[in-house]
1. Please state the relative contact order of the chain as a whole percent: Cα pairs under 8 Å, 6+ residues apart?
2. In a shell of Cβ-Cβ distance under 15 Å around residue 55, excluding residue 55 itself, what net charge do Lys and Arg (+1) and Asp and Glu (-1) give?
3. Looking at the square roots a ≥ b ≥ c of the eigenvalues of the Cα gyration tensor of the chain, which shape do they give, rounded for a/c under 1.5, prolate if a/b is larger than b/c, or oblate?
4. For residue 97 and residue 17, calculate 0.36 nm times their separation in residues minus their Cα-Cα distance, and state this gained length in nm to one decimal.
5. Please give the Cα centre distance for the range 1-51 versus the range 87-103, rounded to the nearest Å.
6. With a ≥ b ≥ c the root eigenvalues of the C-alpha gyration tensor of the range 34-80, is it rounded (a/c under 1.5), prolate (a/b larger than b/c) or oblate?
Amino acid sequence: MNIEELRIFALQLNDVTEGFPFGDDTLVYKVNNKIFLLVGLNAAVPSMNVKCDPEKALELREEFPGQVLPGFHMNKKHWNTIVFQGLKTSFLKQMIEDSYHLVAGKKK
């Protein structure tokens with residue numbers, strides 16, 4: 001999955017907005033004014049931060065060491081950093097959808 005494919009996928013989810021609130025090197029996606037996805041644009045290896053159920057977050061880190069990491073600059077209990085390299089597009093899309101649904105149910 002490349003950045004443009006990620007953009008297309010994320011923006012097709014209901015009520016999603018895209019922006020750069022932290023500067024032009026971090027693409028941020030929100031639903032209900034709450035962040036569910038962050039993508040670093042200047043990284044040598046593409047990655048994203050997604051919200052995750054705490055138990056599932058730990059399971060994924062064990063299953064995919066080096067590819068699923070505690071969320072960079074985020075609450076390590078609730079966020080994972082997912083390194084795209086070596087992971088299937090279907091897995092990446094599922095992580096985005098899971099994050100979206102965790103956040104979409106919460107109103108700000």
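Derivation of every value follows stated rules applied to the coordinates shown; laboratory data play no part. Bear in mind the structure is a predicted one, so any value in this text is a computation, not a measurement. Here the Cβ is made from the backbone with ideal geometry for all residues, glycine too, and neighbour counts use every protein chain on show.
1. 26 percent
2. 0
3. rounded
4. Roughly 27.3 nm would be gained on extension.
5. 12 Å
6. oblate
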